[in-house]
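Take a look at the structure below.
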Amino acid sequence: MMTIPPRLRPLPFPLLLSGALLFLFALQVAPLRAQDERVVAGLSQNRITISTGFDGSEILVFGAVRRESPPPADSPLQVIISVSGPAQPVTVRRKEKRLGIWVNTDAVEIGSAPSFYAVASSAPFGEALSEAEDLRYRVSIPRAIGSIEVPDEVSDPASFTEALIRIRSRSGLYQTNPGTVHLSEETLFETSVELPSNLTEGDYRIRIFLTRNGRVIDAYETSIAVRKVGLERFLYSLAHERPLLYGLMSLAIAIIAGWGASAAFRLIKS
Amino acid sequence: MQIYLPIAEISVNAFLLLGLGGMVGILSGMFGVGGGFLMTPLLFFIGIPPAVAVATEANQIVASSFSGVLAHLRRKTVDLKMGTVLLIGGLIGAFLGIQLFNFLKSIGQVDLLVRLSYVVFLSIIGSLMFVESLRAIMRSKRSGGAPPRRRKHTWIHALPFKMKFRTSGLYISVIPPVLVGISVGVLAAIMGVGGGFIMVPAMIYLLGMPTKVVVGTSLFQIIFVTAFTTLAHATTNYTVDIALALLLMLGGVIGAQIGTRIGLKLKAEQLRILLALMVLGVVAKLALDLLLMPAELYSLGGGGE
């Protein structure tokens with residue numbers, strides 16, 4: 001932890017950052033010091049609990065830009081905020097017409113795709129971040145999706161990634177929200193990110209980028225823990241740690257439910 | 001009322017699940033089918049991951065078939081002996097089916113083959129049943145009463161290892177029921193369904209069992225097949241969602257009781273024609289899925305599948 005630049009210390013959630021990321025961070029941020037514009041950020045909560053009644057949530061990301069000298073007048077400041085859920089491997093299959101029938105033919109294995117990904121910006125995305133910087137920081141949704149394994153017979157791997165984005169966007173898991181980061185006086189910013197009800201457990205990574213002319217001048221990262229609690233936690237752990245017991249319990253409940261209904265109906269009739 | 005399901009990792013409306021369970025439960029009690037072939041696509045539709053839907057559905061069927069069997073047992077419309085024989089055949093068949101499935105998978109295009117055989121097989125069963133039961137209804141209308149039950153003496157009766165199935169009123173060799181069990185088991189394993197709606201027509205037409213006894217007997221053997229499936233999924237894939245299962249069960253067990261009562265009020269040929277219509281409906285849906293261009297050509301699955 002000795003690599004922590006002193007400027008990061010007063011930030012609200014530095015403990016959650018991993019050492020490796022911090023190292024990269026220091027490398028990336030170091031040459032930009034001359035710009036003298038830095039992010040100070042906070043979250044409305046540092047933990048999201050999934051209980052039985054969970055029906056989606058919202059996190060508020062807010063912060064300010066700290067600077068030693070007046071801001072440069074040549075280009076406007078932009079803020080980009082991304083929230084990404086734990087990454088998982090995904091298989092994307094495609095249907096094709098064979099002998100007059102639609103069947104799954106080609107499949108592409110995507111090594112790791114975030115289970116949730118939202119990116120919000122204060123301006124249209126292309127304006128706020130250049131292509132080169134996007135490639136470097138992996139900010140936009142297509143860049144955030146990991147490498148893909150393409151079988152020889154697939155000639156158009158890009159359409160599989162597009163399909164993944166399209167399907168996940170439809171269920172609110174992938175979101176691109178340009179213009180939803182509210183920036184006032186080039187100093188204060190805030191945005192809220194909608195988390196859908198089909199949320200996966202894990203650590204959600206939140207990144208904030210300050211850009212000028214499409215170039216990243218400062219970046220900040222923190223994370224928020226999404227955890228099942230109470231009954232949800234208990235059942236999930238039981239299913240994974242004592243699967244046989246869990247299976248037998250499911251069967252016992254089924255038998256009791258079946259018998260209960262039968263007995264109840266007999267009572268009603270008599 | 002929204003409930004977050006711990007394994008499916010999605011929040012769903014509890015009343016919607018109760019309703020779905022109830023509807024499928026009625027069909028289960030009436031026809032002696034598990035209802036998985038109907039429930040699983042509905043669960044996909046509301047966003048439950050396919051692996052969780054299939055595993056949890058098996059658990060729910062245990063409950064609704066148990067509820068249905070109890071109702072049938074009181075009316076003495078379960079042939080326990082026949083059920084056991086079919087079950088033994090079914091387990092052997094399921095084992096063979098899994099081997100066959102893996103073999104087909106290794107040579108590729110298993111998806112196409114399975115779907116095609118499914119459609120062809122079901123449409124034959126469905127139309128034969130429909131025509132037969134329609135004739136039976138016309139005949140009983142014309143003569144004003146039930147036709148005399150005449151049992152044809154076929155090669156089936158010439159086979160050895162004869163056994164008395166008292167409840168079904170049959171004295172036949174155990175070979176045909178074991179074979180029926182095996183073939184249904186094979187088909188069920190390949191197609192990934194419980195096999196109730198293949199088993200029911202086979203019992204009526206191949207074994208010549210009375211329709212009323214068929215429903216209870218089919219439910220009896222479904223309990224064991226689905227209980228086995230539930231345990232297998234719970235221990236290997238961790239995909240049984242107990243919260244989802246409970247909601248579906250509450251609806252399902254009540255539905256099964258109602259379904260059994262409806263089934264007993266109907267005449268045997270009416271029951272058969274309704275089942276035939278249902279099978280044809282499922283075939284039509286499957287055929288449309290294969291022939292029409294899907295709205296989304298791509299689908300997502302977990303990694304490593």
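Let's see how each residue does on (1) more than 30 Å from A:Glu162 (Cα to Cα); (2) without any contact (Cβ under 8 Å) to a residue 24 or more places away in the chain; (3) more than 10 Å from chain A (Cβ to nearest Cβ):
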{"residue": "B:Gly263", "(1), (2), (3)": "yes, no, yes"}
{"residue": "B:Lys267", "(1), (2), (3)": "yes, no, yes"}
{"residue": "B:Gly281", "(1), (2), (3)": "yes, yes, yes"}
{"residue": "B:Ala287", "(1), (2), (3)": "no, no, no"}
{"residue": "B:Leu292", "(1), (2), (3)": "no, yes, no"}
{"residue": "B:Glu296", "(1), (2), (3)": "no, yes, no"}
Pairs, please: C-beta under 6 Å, at least 6 apart or cross-chain, first residue at pLDDT below 90 and in the range A:59-74, second acidic (Asp, Glu) and not in a strand (DSSP E or B)? A:Arg67/A:Asp36; A:Glu68/A:Asp36; A:Ser69/A:Asp36; A:Pro71/A:Glu186
Of (1) assigned to a helix (DSSP H, G or I); (2) aliphatic (A, V, I, L, M); (3) surrounded by 18 or more Cβ atoms within 10 Å (Cβ to Cβ), B:Ala284 satisfies all except one. Which? (3)
Unmet requirement for B:Ile92, which otherwise passes all of (1) more than 17 Å from B:Phe220 (Cβ to Cβ); (2) within 14 Å of the chain's Cα centre (by Cα); (3) more than 12 Å from chain A (Cβ to nearest Cβ): (2)
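Here's the yes/no breakdown for (1) more than 20 Å from A:Ser57 (Cα to Cα); (2) at the interface with another protein chain (Cβ under 10 Å from one of its Cβ atoms):
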| residue | (1), (2) |
| --- | --- |
| A:Glu162 | yes, yes |
| A:Ile165 | yes, no |
| A:Arg170 | no, yes |
| A:Ser184 | yes, no |
| A:Val193 | no, no |
| A:Asp203 | no, no |
| A:Phe209 | yes, no |
Which is outside any loop (DSSP other than H, G, I, E, B) and at pLDDT 90 or above, of A:Glu127, A:Glu109, A:Glu190, A:Glu133? A:Glu190
Would you please list the contacts, defined by Cβ atoms under 6 Å and residues six or more apart or on different chains, that run from a residue in the range A:106-127 that is closer than 23 Å to B:Ala8 by Cβ to a residue that is of a type in the set (Phe, Trp, Tyr) and at pLDDT 85 or above? A:Tyr117/A:Tyr174
When the residues of the range B:220-244 are filtered to those that are among the hydroxyl-bearing types (Ser, Thr, Tyr) and in contact with a helix residue (DSSP H, G or I) (Cβ under 7 Å, 6 or more places away or on another chain), which remaining residue is farthest from the other protein chains (Cβ to nearest Cβ)? B:Thr229
Of the residues in the range A:59-88, those that are surrounded by fewer than 18 Cβ atoms within 10 Å (Cβ to Cβ), within 14 Å of another protein chain (Cβ to nearest Cβ) and in contact with a strand residue (DSSP E or B) (Cβ under 6 Å, 6 or more places away or on another chain) come to A:Pro86
Collect the residues in the range A:193-224 that are in a strand (DSSP E or B), among the small types (Gly, Ala, Ser) and under 23 Å from A:Gly172 (Cβ atoms), keeping them in residue-number order. A:Gly202, A:Ser223
Checked the range A:227-256 for anything closer than 29 Å to A:Pro86 by Cα, part of a helix (DSSP H, G or I) and more than 7 Å from chain B (Cβ to nearest Cβ); matches are A:Gly230, A:Leu231, A:Arg233, A:Phe234, A:Ser237, A:Leu238, A:Glu241, A:Leu245
Set B:Thr229, B:Thr235, B:Thr239: member being in a helix (DSSP H, G or I), among the hydroxyl-bearing types (Ser, Thr, Tyr) and in contact (Cβ under 8 Å) with a residue 24 or more places away in the chain: B:Thr229
Restricting to the range B:44-83, what's the tally of residues that are in contact with a Pro (Cβ under 7 Å, 6 or more places away or on another chain) and buried (at least 24 other Cβ atoms within 10 Å of the Cβ)? 1
Can you name every residue in the range A:44-86 that is within 17 Å of A:Tyr204 (Cβ to Cβ), in contact with a helix residue (DSSP H, G or I) (Cβ under 9 Å, 6 or more places away or on another chain) and aliphatic (A, V, I, L, M)? A:Ile50, A:Ile80
Filtered residue count, the range A:71-90, keeping only those that are within 11 Å of A:Ser112 (Cα to Cα) and assigned to a strand (DSSP E or B): 4
When the range A:229-256 is examined, which residues are found to be at pLDDT 90 or above and touching a strand residue (DSSP E or B) at 6+ places or on another chain (Cβ under 8 Å)? A:Tyr236
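The values are calculated or read from the model by the stated rules, or taken from the named source; none is laboratory data. A quick note: this is a predicted structure, and the numbers were derived from the prediction, not measured. Every residue, glycine among them, receives a Cβ derived from its backbone with ideal geometry; neighbour counts consider all protein chains shown.
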